[in-house]
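Data first, discussion second: the structure below is written as C-alpha cells.
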Amino acid sequence: MSDDGALKSAVSRYGWRAVALPALAVVIIVALVISLQSGSGSDAAGSETSGSDAQAAGGSADTSSPAASSSAAGSSSPNASSSAKSSSKSSKKSGSSGASGSSSSAASPAADSAAPSPDYVEAGDGTLAVVPGTSENLGAGGPLTQFDVQIEGGLGVDGEQFASYVEEILADERGWTAGGQRSFQRTSDGSAAMHILLVSPQHVEGYCPGYGTEGYTSCRYGDNVVINLARWSVGVPDYEGHLWEYRQYVINHEVGHYLGYGHVNCPGPGQKAPVMLQQTLRLEGCVRNPYPYPNSPADDPNAPG
Ligand SMILES: [Zn+2]
C-alpha cells in the first residue's frame, strides 16, 4: 500500500523501526491467524473435536494431534508425543496375546501378522516410491476410485505387504465399499486419483503442512492419505492389543476424509465409535470400531449403533 518514497523517508526518519515494527505487526497477525485456524483444533482448549469438525466440513483434513497439548502450559495430557514410546512398550507387552484378542478380525490373515513393531524408523529419507502392482476391483460396484500406494524410502517396510493390507481393508464388506456403493482399485501407472502414503513420523507433518500432527497422528491432505508409520506400527492405547483393528481404523478414517466425511463425536456411551470419530485420540465413551458399516450396509457411518 505505501509507496517507496514514503517508505524511504520513513526509514530515514525512524531508522529500522519503520520497517521492523510494521513487519513485526504482520508477523503477529499471521501467527494469530494460524493459531486460530490450527489452534481451534487444540486439545489443550478442549475444543479439538469441534474445531476439527469445522475444518473437515471445509474439505480440509485430519488435523488434531494429541501432541499439540504437550506444548500447552500445564498440560497433563497423557497423549504427549513422548507417550509414543511408552505406548509402544505397553503395546509390545500385550502384543503376544493381542493377536487373538479380536473376534471380529481373527479370521483375517493380516490380523495374525499384525504384531506391534516398536522399532519403527523415526525418519525416512523423504522420498516416495509407488508400490508396483494393480489389484482387481475392490468392492461390488458403484463408482470406482483408483489409488496407488507410496512408501517413503528408508522405512524398512515391505511395501507390497503394506499395499496388500490396504487392499484388504478397502475391500472389507464393513468398509467404504459396503453394499456395493463404491469400489477401489490399486494401480501404479500414475493415473490414480487417491494416494495412500506410508511415511515416517518425523515427515508426516511435511505432507500435511500446518496440520499439527506433531509426528503422532496420520492425516489427509488433498488427494493424499498420509499414514504415520508410528501409528501403523504400534497403534494407540485405546486399541492396545488390537493393532490390526487400529490399522483398519486409520485407513478407513483417512480415506473417509478423502471421500468427504468430516469428524463426528461419539453418539452415546457404549455405542460403537463412528469411524470418523478421532479414535486415535480418544473414544469419548464409545467402543472402538474401525468400520463405517460394522453391522450392515444400512448403518449410518456417523452413528453405527
Ligand atoms: Zn480425521
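The numbers here are math on the coordinates, done by the rules we state, and not lab data. These numbers were taken from a predicted model, which means no experiment stands behind them. Neighbour counts run over all protein chains shown; Cβ positions are idealised from the backbone, glycine included.
Details
- The C-alpha radius of gyration of the stretch 137-290, expressed as a fraction of 2.2 N^0.38 Å, stands at 0.99.
- The stretch 193-272, Rg to Rh (Cα coordinates; Rh as Kirkwood inverse mean 1/r): 0.97
- Scoring 280-288, 297-305 by mean Cβ neighbours within 10 Å over their residues and listing the highest first yields 280-288, 297-305.
- Separation of alpha-carbon centers, the stretch 270-301 and the stretch 118-173, rounded to whole Å: 23 Å
- Residue (of Gly222, Leu243, Tyr261) at the positive-pole extreme of the stretch 158-282, dipole from beta-carbon charges: Tyr261
- The stretch 133-178: C-alpha gyration tensor shape, a/c 1.5 cut-off, then a/b vs b/c: prolate
- Exposure proxy for Tyr293, Tyr216: other Cβ atoms within 10 Å of each Cβ, ordered fewest to most, give Tyr293, Tyr216.
- Amide H contacts under 5 Å for Leu197, placed H, 5+ residues apart: Gln150, Val225, Val226, Ile227
- Near the amide H of Gln271, within less than 5 Å, lie the amide hydrogens of Val287, all on another chain or at least 5 residues away, with H placed in the peptide plane.
- When peptides 172-185, 134-147 are ranked by their average number of other Cβ atoms within 10 Å per residue, the highest-first order is 172-185, 134-147.
- Relative to the compact-globule estimate of 2.2 N^0.38 Å, the Cα radius of gyration of the stretch 241-305 comes out at 0.98.
- Direction-averaged projected area, Cα convex hull, the stretch 106-205: 7.0 nm², rounded to one decimal.
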